[in-house]
Amino acid sequence: AQTVTQSQPEMSVQEAETVTLSCTYDTSESNYYLFWYKQPPSRQMILVIRQEAYKQQNATENRFSVNFQKAAKSFSLKISDSQLGDTAMYFCAFIPVGGTGNQFYFGTGTSLTVIP
Amino acid sequence: GAGVSQTPSNKVTEKGKYVELRCDPISGHTALYWYRQSLGQGPEFLIYFQGTGAADDSGLPNDRFFAVRPEGSVSTLKIQRTERGDSAVYLCASSLARVNTEAFFGQGTRLTVV
């Protein structure tokens, strides 16, 4: 089974501080891509960061970085210097390469609130 | 347009009615996905198109749901005999190719069945 687990339904962080959102996943595929998507109240899912599973180096995108632990099947998102505009739902997702690679599998999301 | 466009933005329908939800993907994107997002949940896969064909429709919950993409561009999700449990946000996404490219999402259609 392909599953994604986000164990933190809600989180909050002070503006300018750092916060880490956790994600674990399960797949029998050896190669896949991992994503963090942000969904503000407008409902539109916006890609935050992407990681290719065969790359050991953690992806970084400005204030956003990931800690990818393939053996543990863990993919956490770190947001540095949090801004009010970061307030949103955050979804962890992956898509396998080949085999069952026809869909993105999403977690249930973490609602992040940045406090001024 | 520059992004994925979904119409209508909101749709209220009576139980038992038929509805159509439209998705205009980004021009040139061959892959198109439909997802359903219930309140407080993550998106759940419904169907995936590669070009004109439904490459994977394993997520459609039952035979009341159907989707088409006749010319490999615009897609329509069709729901017959709507039920209150069909109420959700229906998201469409497109990408240049499967798997390793970013999927761009529309703003979704919020369907409410009363």
For A:Asn67 and B:Val114, what is the calculated FRET efficiency with R₀ set at 41 Å and r taken between the beta-carbons, to the nearest 0.05?
0.35
Computed over the Cα atoms of chain B, what is the ratio Rg over Rh, Rh following Kirkwood?
0.95
Only four residue types carry charge here, +1 at the Cβ of Lys and Arg and -1 at the Cβ of Asp and Glu. Report the dipole size of chain B about the Cα centre in Debye, rounded to the nearest 20.
320 debye
Centroid-to-centroid separation of the stretch B:1-44 and the stretch A:58-75 [C-alpha atoms, Å]
30 Å
List every residue whose amide H lies under 5 Å from the amide H of B:Gly108, counting only residues 5 or more places away in sequence or on a different chain, with H placed 1.01 Å from N in the peptide plane.
B:Gln6, B:Cys92
Would you list B:Asp57, B:Asp24, B:Asp86, B:Asp63 from the most to the least accessible area, probe 1.4 Å?
B:Asp63, B:Asp57, B:Asp24, B:Asp86
Under Karplus coefficients 6.51, -1.76 and 1.60, residue-wise ³J(HN,Hα) of the stretch B:34-46 in Hz, glycine/proline x:
10, 10, 10, 10, 7, 4, x, 10, x, x, 10, 5, 10
Rounded to the nearest 5, the percent of DSSP beta bridges in the protein assembly as shown running antiparallel is 90 percent
Among B:Leu96, B:Leu39, B:Leu77, the residue with the largest mean-square fluctuation in a Gaussian network model of chain B built from Cα contacts under 10 Å is B:Leu39
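The values are calculated or read from the model by the stated rules, or taken from the named source; none is laboratory data. These numbers come from a predicted model, not from an experiment. In this analysis, Cβ positions are derived from the backbone assuming ideal geometry, glycine residues included, and neighbour counts consider all displayed protein chains. These accessible areas exclude ligands, DNA and RNA; they are computed on the full protein's heavy atoms, side chains included. Shrake-Rupley method; radii C 1.70, N 1.55, O 1.52, S 1.80 Å.
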